[in-house]
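> This is the structure, below, for whatever I ask next.
The values are calculated or read from the model by the stated rules, or taken from the named source; none is laboratory data. Keep in mind that what you see is a predicted model, and the values were worked out from it rather than measured. Don't worry about glycine lacking a Cβ; one is built from the backbone with ideal geometry, like all the others, and counts go over all protein chains shown.
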Amino acid sequence: MVVSALLELVLAPLDGDPRPLGDWLTTFHLATVALDPYTNESSWILGTAKRILDDFRGADVRVNFLVTADAEGARSFLGPLADEFLVFVDPDRTVVKGLGLTMLPAFVFVRLDGTVHAAAEGWNPIEWRAVAESIAEVTAWTKPVIPTATDPLAFAGTAIDSLP
């Protein structure tokens, strides 16, 4: 997707008014973990995703979850994480598709200029580590350890178009 079109994608937070992606990038980059609450694969990675996003909380990046459900579904799936993190809802998958994703879960780094600088789909620790290293390099932050002993084994994820 062209950067200008990407900047026009509307992100709808759980609490607040929907705004174009460009409005969310005025001060900080985005470190996004995209999840589908109706798949086992997204639930398997939730603890790992929380740990990785927690590691970037002090960096010049806005850590967040992007959940392909309505607000009620996102809150139900995330539980207390819905109050700990910025959460965007994307029930029609417009944003995840606009980001160029085809599989969930995914880890995406969007820079201030609206470019998708790095992305990993499914859970491949080496690919998620590469996204984390990109974030750390751009923000001059420390890299989280990926994987850890508590992380799941690698899995492919679920195709966005096959999701309910």
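> Under 6 Å between Cβ atoms, which residue pairs at least 6 apart in sequence (or on different chains) link something in segment 17-31 that is within 14 Å of residue 63 (Cβ to Cβ) with a partner that is surrounded by 14 or more Cβ atoms within 10 Å (Cβ to Cβ) and among the charged types (D, E, K, R)?
What qualifies is 28/60; 28/62; 29/111; 30/62.
> Scan segment 96-114 and tell me whether some residue there is crowded, with 16+ Cβ neighbours inside 10 Å, without any contact (Cβ under 8 Å) to a residue 60 or more places away in the chain, under 20 Å from residue 17 (Cβ atoms) and among the small types (Gly, Ala, Ser).
no
> Now a separate question. Can you name every residue in segment 118-147 that is outside any loop (DSSP other than H, G, I, E, B), touching a Lys or Arg at 6+ places or on another chain (Cβ under 8 Å) and in contact (Cβ under 8 Å) with a residue 24 or more places away in the chain? Lay out the reasoning, then the answer.
Step one: filter segment 118-147 for residues outside any loop (DSSP other than H, G, I, E, B), giving 118-121, 123, 125-139.
Now narrow it down to the ones that are touching a Lys or Arg at 6+ places or on another chain (Cβ under 8 Å): 129, 132-133, 136, 138.
The answer is 132, 136, 138.
> Does residue 33 fit the bill of being part of a strand (DSSP E or B), touching an Asp or Glu at 6+ places or on another chain (Cβ under 9 Å), buried (at least 18 other Cβ atoms within 10 Å of the Cβ) and among the β-branched types (Val, Ile, Thr)? Please lay out each step first, then the result.
Working: part of a strand (DSSP E or B): yes; touching an Asp or Glu at 6+ places or on another chain (Cβ under 9 Å): no; buried (at least 18 other Cβ atoms within 10 Å of the Cβ): yes; among the β-branched types (Val, Ile, Thr): yes.
Spelling it out, it is not the case that residue 33 is part of a strand (DSSP E or B), touching an Asp or Glu at 6+ places or on another chain (Cβ under 9 Å), buried (at least 18 other Cβ atoms within 10 Å of the Cβ) and among the β-branched types (Val, Ile, Thr).
> Let me ask something else about it. From the residues in segment 2-30 that are in contact with a Ser or Thr (Cβ under 9 Å, 6 or more places away or on another chain) and among the aliphatic types (A, V, I, L, M), which one is modelled with the lowest pLDDT?
Filtering first and then ranking leaves 3.
> OK, next. Just to be sure, is residue 49 among the small types (Gly, Ala, Ser), within 26 Å of residue 153 (Cβ to Cβ) and part of a loop (DSSP other than H, G, I, E, B)?
No.
> Got a number for residues in segment 63-80 being surrounded by fewer than 18 Cβ atoms within 10 Å (Cβ to Cβ) and either under 23 Å from residue 125 (Cα atoms) or of a type in the set (Asp, Glu) (or both)?
Let us first name the residues in segment 63-80 that are surrounded by fewer than 18 Cβ atoms within 10 Å (Cβ to Cβ), namely 70-73, 76, 79-80.
Then keep just the ones that are either under 23 Å from residue 125 (Cα atoms) or of a type in the set (Asp, Glu) (or both); that gives 70, 72.
Qualifying residue count for the region: 2.
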